[in-house]
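Read-outs throughout are calculated quantities, based only on the coordinates presented, and are distinct from any laboratory measurement. Just so you know, these numbers come straight off a predicted model, no measurement behind them. Don't worry about glycine lacking a Cβ; one is built from the backbone with ideal geometry, like all the others, and counts go over all protein chains shown.
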Amino acid sequence: MAKILVTGGLGYIGSHTVVELIQSGYEVVIVDNLSNSEKTVLDGIESITGVLPAFEELDICDEKAFQNCMTKHAKIDAIIHFAASKAVGESIEKSLDYYRNNVFGIIQLLSLMRNNNIKHLIFSSSCTVYGQPDKLPIDETAPRKPATSPYGNTKQMCEDIITDAITSYHDFTAILLRYFNPIGAHPSAKIGELPKGVPNNLVPYVTQTAAGIRKELSVFGDDYNTPDGSAIRDYIYVVDLAKAHVKAMQRLLACENKKEIEIFNLGTGNGVSVLELVKTFMNATGVNLPYKIVGRRAGDTEEVWADSSFAEKELGWTAKTPLTEVLASAWNWEKKVRGIK
Ligand code: NAD
Ligand code: UDP
């Protein structure tokens, strides 16, 4: 049984991935500093899988603590690196914090991987590295555009640092996964997204509005050059996304990939507008969702969706879950968290 260290494993995507890893027979060690998660997520993971994974509460930027963890959990076969700060707006306000956590974090991680003879890495990247692409759908050969936020910049920098580390040291292999828009919650409603404060992302805002916590959803812009005027994204179910990590891990550990570094887009291939998503949510849940149209949000791109055929061909993976089911899972999770029947 391979042993996988998962940084940020109590976070939104990390926790769903830990569940899939355990259910696929991997041994998991979670590292998280709880800066954007709760220790109770461990209970959800245990309740779903019947396994309580090892957990170390530490900051990946703390070299001594991280080394101690690697010594304690010796013979780690691979790392999945989710731990990062991820709010685009906040990254503009607190750019140095973002560079420290995300960029220093990956340097620290790669150095410790070398010191501890850990050779395989999966890294959480983002479709944000493409900016507004010249052609749609976007495949992995599309050029990266200049980042529009420090957060986006950190993802590009991390991709480059991993690539350079592999060139320098040869003995690493890595897979960079570029996520599109992850949404939804585990079908058990035992784990899900737990945004702190007012959500920035569309779906948590939608579910909190449906729960009566927010008065109404603001739809940012109806004057885009899209069929209904609202912006288009590729919303991917977090459980489908989590399963892609298992496929990528199998490939890394089997060394099926001849290349030292590979990049995969992870999306559904379907573009969905904000207004379409709102209507689908109401149809899927039967809940009325008050919304109003407001101006565009600064820095937003018009339309983005993935060509994930490389992941389909090489990993044997596709995102299968229909949007209605995904939005229903998000609503079930919100109801559970708020105690709504
Ligand atoms: P999240 O905030 O829910 O999870 C990140 C976890 O990492 C949290 O539990 C947090 O406490 C932990 N963490 C942060 N800094 C840490 C540090 N220095 N040491 C230890 N733990 C630390 O975020 P998420 O949505 O699960 O995202 C996971 C990864 O995927 C991130 O790298 C993010 O940039 C990337 N990503 C997310 C999205 C998205 O829309 N959610 C899209 C593309 C890429
Ligand atoms: N959005 C919106 N209202 C909100 C939050 C988001 O209209 O309260 C829109 C946003 O402008 C974008 C889409 O929903 O077009 C997805 O936004 P999100 O922040 O979830 O992800 P992004 O694609 O920006 O990473």
Suppose every K and R has +1 on its Cβ and every D and E has -1 on its Cβ; what is the size of the dipole of the range 91-157 about the Cα centre, in Debye to the nearest 20? 200
Taking 0.36 nm per residue of separation and subtracting the Cα-Cα distance, what length does fully extending E93 through I107 add? 2.7 nm
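As a check on your grasp of the helix formula, calculate [θ] at 222 nm for the chain: sum -39500 (n - 2.57) over DSSP H runs of n ≥ 4, divide by the residue count, round to the nearest 500.
Calculated from helices alone, the mean residue ellipticity at 222 nm is -12000 deg cm²/dmol.
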Here the percent of antiparallel bridges among DSSP beta bridges lying wholly in the range 97-237, to the nearest 5, is 0
Fraction of antiparallel bridges per DSSP, the chain only, in percent to nearest 5: 5
Reachable lysines from K135, Cα under 17 Å, same-chain residues fewer than 8 places away excluded? K145
Taking 25-31, 325-331, 98-104, 223-229 and ranking on average Cβ neighbours within 10 Å, highest first, one gets 325-331, 25-31, 98-104, 223-229
Mind giving me the nanometre distance, one decimal, between the label points for R114 and T141, set 7 Å out from Cα along Cα→Cβ? 3.3
In square nanometres, what is one fourth of the surface area of the convex hull spanned by the alpha carbons of the chain? 16.1
Share of antiparallel DSSP beta bridges in the range 180-297, in percent to the nearest 5? 20
Long pairs among K75/K243; K75/K320; K94/K335; K119/K243, criterion Cα-Cα beyond 30 Å: K75/K320; K94/K335
